[in-house]
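Right, one structure below, let's go through it.
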Amino acid sequence: QVQLVVPMAVVFGPGSVPGDLPKPLPFRDVQEMEISVNLRTSVKSRYEMHYRRTTGQEEAALAAATAREADAALHPLQDTTLGSLTMYVVPETSSLLPQGINVYVGKHRSALVRAGGSLAALQARLREVTQVMSFTASSIAAALSDRVPNGQLSPDARRYLKSSLGYEITFSLLNPDPKSHTVDWDIEGAVNRYVKPVLDKLSLVANFSVDSQILYYAVLGVTPRYDKESSSFLLSAHSLPHVINPVEARLGSSAASLYPVLNFLLYVPERSHSPLYIQDKDGAPVSTNAFHSPRWGGIMVYNVEAPASPQASLPLHVNVDMPRVMEVFLAQLRLLFGLSREEVPPEFLLESPGNEGLADWELDHLLWAHTVENIATVSTTLTSLAQLLDKIGNIVIKDDVASEVYRAVASVQSAVSKLSVGHLHAAFQASKEAVTSSERAFFDPSLLHLLYFPDDQKFAIYIPLFLPMAVPILLSLAKIVRETRLRKKEPTKMD
């Protein structure tokens, strides 16, 4: 039974304390929910809420002109433990929040919430905020997608990447027509400027490696349709799945990879199919001219402007606008990690994470999901290993394999206990260790079932070898027994 505990401080600013509080401040309260995954599996969520008034420093920070300034001033004053939340309650008439906005979610682990008049109204808002900033039933279901019945899973749940100890990111420039286009892209500078801050933040979740390549004469494998009205070529939504396989055969990045590979492709259309636009299911052009494939990556089509004069010398020199391209690829990266911000209520205002690419609470969101997924993975791996060992009675289990199994069980128990006291970081680290140990035990070469024969196979192998030798031996033994019996029956001569 996994219990997810979120330590949460609810801090009342001046003039925001509801009149119907059950106790004088400060006091503690607990709210529990059960997230049902399937008939046998459920996850408990427990919000441990500590209600108190603001300190003098927090009051001064809340007197800032804008919510962004207040959030920056409050950050050094709050609990920055991974998985914890701080809610600052401001009066209903506060000018900190814009008109029509009841909740401002900052870049860190705090939010500004309008009081709402009564405690019940405030708690309803706080529930919505915690759903956004920690985990939801759908995010836990996506983490446990292998155990959720197919009909109950949202379509987005299959999009997210499975938890892994590492990921490899490959940026590829596809130039199918190098005779017409010479394409330059400053991928190293773009990675350092846009991708590295995001991966530095995500380094807590997994290890990342980044590489890039340029592929010439690599085509999409789907012939686009020519549209006379717009004098352009179109790729419809139903043809997009057929684009990936021919391209993937040329990438070669996943052949020798230990970890999942994320592919981000920039495709410069050949001159005969230019300009090329992607259409959505309704036939409207996609604004980014890009699409992504769940758990695989994304492709962006980068059109080159036709030369002004037909006599222009070929190949044309093209400098790729890297900020525009990286903006699309980073948005796709967020989608693949399940960090989309589409399900936010309209009265919520979410602060942009800036160069880091994701806010602190979004990082916690990932850690919650990956910790639960790791615990489920270890459970499945060890169960499969136990079933394998039960089937093969004469299997030899070495001491190092046994120690890995014990270590995996101890680590997963530690992860569950750390989650139940609200220590998210320690729980995640323990779950990673548990996955590593369980995988080492399961894939140990000494446990290959091909090394051990069932009894019926042994009989099938050894009977043809020993039967020819056994027949004369058994006949000789029978003859000796028969002669011994005859000797005993002969009467002895008496003088």
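The values are calculated or read from the model by the stated rules, or taken from the named source; none is laboratory data. These figures come from a predicted structure and were not determined experimentally. FYI the Cβ positions are ideal-geometry reconstructions off the backbone, even for glycines, and counts take in every protein chain you see. Accessible surface is based on the protein model in full, side chains and every heavy atom, while ligands, DNA and RNA are left aside. Shrake-Rupley method; radii C 1.70, N 1.55, O 1.52, S 1.80 Å.
At-a-glance table
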{"quantity": "Conditions (1) in contact with a Lys or Arg (Cβ under 7 Å, 6 or more places away or on another chain); (2) over 15 Å from PRO345 (Cα atoms); (3) open to solvent by 10 Å² or more (accessible area, probe 1.4 Å): number failed by ASN102", "calculated": "(2)"}
{"quantity": "Options PHE459, PHE443, PHE466, PHE428: the member that is buried (at least 16 other Cβ atoms within 10 Å of the Cβ) and either charged (D, E, K, R) or outside the structural domain of ARG109 (by the TED database) (or both)", "calculated": "PHE428"}
{"quantity": "Condition broken by ALA120, with the remaining ones in (1) open to solvent by 30 Å² or more (accessible area, probe 1.4 Å); (2) closer than 19 Å to HIS75 by Cα satisfied", "calculated": "(2)"}
{"quantity": "Every pair of residues 6+ apart whose Cβ atoms lie under 6 Å, when the first sits in region 40-59 and is acidic (Asp, Glu) while the second is open to solvent by 30 Å² or more (accessible area, probe 1.4 Å)", "calculated": "GLU48/PRO7; GLU48/VAL30; GLU58/LEU77"}
{"quantity": "Residues located in region 167-197, provided they are among the small types (Gly, Ala, Ser) and modelled with pLDDT of 90 or more", "calculated": "SER172, GLY189, ALA190"}
{"quantity": "Members of region 48-96 found to be assigned to a strand (DSSP E or B) and either out of contact with any strand residue (DSSP E or B) (no Cβ under 9 Å at 6 or more places or on another chain) or open to solvent by less than 20 Å² (accessible area, probe 1.4 Å) (or both), listed by number", "calculated": "MET49, TYR51, LEU85, THR86, MET87, TYR88, VAL89, VAL90"}
{"quantity": "Odd one out for SER212, checked against (1) hydroxyl-bearing (Ser, Thr, Tyr); (2) at pLDDT below 90; (3) outside any helix (DSSP H, G or I)", "calculated": "(2)"}
{"quantity": "Subset of region 158-176 [buried (at least 21 other Cβ atoms within 10 Å of the Cβ) and not in a strand (DSSP E or B)]", "calculated": "TYR160, SER163"}
{"quantity": "Subset of region 342-358 [part of a loop (DSSP other than H, G, I, E, B) and under 18 Å from LEU97 (Cβ atoms)]", "calculated": "VAL344, PRO345, PRO346, GLU347, GLU351, SER352"}
{"quantity": "Count of region 1-31 residues which are among the polar types (S, T, N, Q), at pLDDT below 85 and either open to solvent by 20 Å² or more (accessible area, probe 1.4 Å) or not assigned by the TED database to the domain that holds ALA111 (or both)", "calculated": "1"}
{"quantity": "Candidates ASP200, ASP146 - the one that is under 30 Å from VAL372 (Cβ atoms), open to solvent by 70 Å² or more (accessible area, probe 1.4 Å) and at pLDDT 85 or above", "calculated": "ASP200"}
{"quantity": "Region 384-439, subset part of a helix (DSSP H, G or I) and either acidic (Asp, Glu) or on the phi > 0 side of the Ramachandran plot (or both), residue modelled with the lowest pLDDT", "calculated": "ASP390"}
{"quantity": "Among the residues listed as SER212, SER287, SER231, the single one being free of Cβ contacts under 8 Å to residues at least 12 places away in the same chain, under 30 Å from the mean Cα position of the chain (by Cα) and in the same structural domain as PHE171 (by the TED database)", "calculated": "SER287"}
